[in-house]
Amino acid sequence: MTFVSGKGGVGKSAITASLALRDARRGKRVLVIAMSESIGAATHLATEPLSYEPRRIRSGLDALAVNKSDALDEYLRLQLRVPRAAPTKVLTRALSVLAETAPGIREIVTIGKPVYELWRGAYDIILVDAPPLGQLFSYLRAPSTIADLVPAGAIRAQAERMSAALEDEGSAALILVTTPEELPVRETQMALEQLEDEPVIRLAGVITNRVLPELGLTGEQVETLPHGPYRAAARHHHLAQSQQLRWLDEVPAGPRFPYLFGIHTAGEVAEKLADLWGERP
Amino acid sequence: MSTRVLVITGAGGVGKTTLSAALAVTAARNGLRTCVITVDPARRLADALGIESLTNHPGPVAAQPGLSAAMLDVTAAWDAMVYRHADPEVAERLLTNPFFRALADRFPAAQAYAAGEQMAEHIESHRWDLLVVDTPPAGGGLDFYTAPGKMREVIGGKLLKWLTGASLPGRRTLFRMTARPALKLADAVLGGPLLEEIAEFLMDLRSLYDGLSKRARAIENHLRQAESIVVTTAEPTPLREARRFFEELENATGRPGTVVFNKQLPQEWTEVKNLRSPGIPAGVRSAARENLIRWASEVRLQHDIKQEFSTRYGLQLINVPWASEAPTSVDALAGLLIHSPDLAARAG
């Protein structure tokens, strides 16, 4: 089970989808779970809006989106084992109020879905299009938040099992996606520090997306070009790339994916990235 | 004095805060008494404005006469709001309640609502000709418009109604409710008298309702009169957020009159002619050609995306060119709008 997160807008849904396409091409049974916002995953998988029921995208690849009320219902029945005969309507209502109000409940219900799928074991690989970095830790930390809030009972017991699953290096990992720009890199650095302080999950690596290719010209050569589009575009590239280089230096080593020029649809982006994964060892 | 208001929204990273500052500097230079409220400006922008630190009280920008700046402080705005609308005793209880802090920190509408309260205060101070409001990026800025209504719902007892059934109970009925077997089961599952604590908290929260509800309506009224400017780039995430203003807003409040496409590349890059220039080595020539072809495809992509957007929503879009370097002075900020007279006109 791999969570993919990053600052909003760096392409984490694209990377999630590309990993899923790659693994499905390699014959694995893959499930994509969109955790907070599902449009990104759906458009990159070139499919209609996702629902809570897994849908077959292509051979070996299913996808679903977590929504609060279905997740809550499943959490009650399957995770807390509240019997069907119990007045679940009142219970669900009470818990949905709790989910809106108490810290950690909504998060644990949401993160409960991928963990539940992990326990169910119907897939080889679960890829989670996780919430952006700003919210990620409130999800990953939810089990311990719950333990602070709730002294005993089924939710607490479940929270402890869940945090053990997240901390299990063999079953759960986190991939961070960034672009070589100031704010995404800074947020990534902060997340890495936080992971060191609170090792809630194993870090699998940092992927840098939208890296500009080498121009192949020095600054001086750029200035020898005649006035006009050739020089302007070369200057633009030179400048943009030198700004990227500064931030690339601050990102830990890991896979780097190129800026994809002029690609129109999200589906094409994910397929292209999956092709690039294929070329890597 | 009546205050004109520009509300600048957009996803994170589109350059919204920078453009807000550029509009504010331009307005001050046009002789308007101007205040810009920013959300978490990057260090460089604060340097460009020549300001050391910002608080939620507007302070003069030394580098630009006529301009003041303030920063959104969500915690301060929430505390002020509670003291304004609740009895002192209830206010103390709420501000130390962990559920309340959780709600304030995490409910997406809460931050946006706090920004709205702050905006209303600055409008009602009648100190400004023009107020430029940079908004929190949550929900692509859409939250800023829907937050007053959502807050009214939450504070007004939506949660309490869910918890107890259809009608709003008094305190005593509430405790009879929590004694019901189903809720006893819930408490057993949760392990503690948690629901009772929450019900008590929700009752406290509801006592804010009358004051907050009136305030929320005032904020909605200000928002109706404000001019909405949505900033986007041609990238998928910001575009998706910008579309939501047209797809999801039920009434026209906040429906942007102006959509700005930031970081646009020059159209003439698509007119690739042969690079004929004697004396340029073949290697340099081919690298330059390859580079221009790449960027030309990006220009065509931007063009197609803008075309589609403007056709679908029947809008004229405003282009702001890609700026090669982040502005480091008020002159550079004002310079950002030189090639976008339609946008600069909003600050007139």
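May I ask you to compute the full-extension gain from A:Glu223 to A:Asp148, defined as 0.36 nm times their residue separation minus their alpha-carbon distance, rounded to one decimal in nm? Please report the intermediate quantities before stating the final value.
Values: separation 75, 0.36 × 75 = 27.00 nm, distance 6.25 nm.
The A:Glu223-A:Asp148 span can extend by a further 20.7 nm.
One decimal place: the segment A:Arg256-A:Glu268 gains 2.5 nm when fully extended, by the rule 0.36 nm per residue minus the C-alpha distance. In this rough spin-label picture, where each label sits 7 Å from Cα along the Cβ direction, the B:Asp210-A:Asp197 distance is 4.3 nm.
When the chain is fully extended, how far beyond the present Cα-Cα distance does A:Ala46 get from A:Arg186, taking 0.36 nm per residue of separation? If you can, show how the numbers build up before the last one.
Numbers: separation 140, 0.36 × 140 = 50.40 nm, distance 3.12 nm.
Length difference between fully extended and current span is 47.3 nm.
Going by neighbour counts of Cβ atoms within 10 Å, the residues B:His85, A:His264 line up, fewest first, as A:His264, B:His85.
Using a simple spin-label model with pseudo-atoms 7 Å out from Cα toward Cβ, B:Leu95 and A:Asp275 lie 6.0 nm apart. May I ask for the angle, rounded to the nearest 10°, between helix A:88-101 and the longest principal axis of chain A, with both axes built from Cα atoms and the value confined to 0 to 90°? The helix A:88-101 is inclined about 40 degrees to chain A.
Think of it as helices only: each DSSP H run of n ≥ 4 in chain A is worth -39500 (n - 2.57), and spread over all residues that comes to -16000 deg cm²/dmol at 222 nm. Modelled spin-label separation between B:Ala323 and B:Val272, with each label point placed 7 Å from Cα along the Cα-to-Cβ direction: 3.0 nm.
Peptide A:233-239 has a mean of 6 when you count, residue by residue, the C-beta atoms of other protein chains within 10 Å of its C-beta. Going by neighbour counts of Cβ atoms within 10 Å, the residues A:Val115, A:Val211, A:Val32 line up, fewest first, as A:Val211, A:Val115, A:Val32.
What is the mean number of Cβ atoms from other protein chains located within 10 Å of the Cβ atom of each residue in peptide A:261-269, rounded to a whole number? It would help to have the intermediate numbers written out before the result.
Details: counts 9, 11, 3, 6, 1, 2, 0, 0, 1.
Average per residue, whole number: 4.
Counting only alpha carbon atoms, the long axis of helix A:182-197 and the longest principal axis of chain A meet at about 40°. Can you tell me the orientation of helix A:12-25 relative to chain A, as the angle in degrees between its alpha-carbon axis and the longest Cα principal axis, to the nearest 10? Taking the Cα atoms of chain A, the angle to A:12-25 is about 80 degrees.
As a proxy for reagent exposure, A:Glu223, A:Glu167, A:Glu279 were ordered by neighbouring Cβ count within 10 angstrom, fewest first; the result is A:Glu279, A:Glu223, A:Glu167. Here B:Asp342 and B:Arg285 are evaluated by their C-beta separation; at R0 = 35 Å the FRET efficiency comes out at 0.35.
Only the coordinates and a few stated rules stand behind these numbers; no lab work does. Small disclaimer: the values here were computed from a predicted structure and weren't measured. Cβ sites come from the backbone with ideal geometry, for glycine too, and all protein chains shown count toward neighbours.
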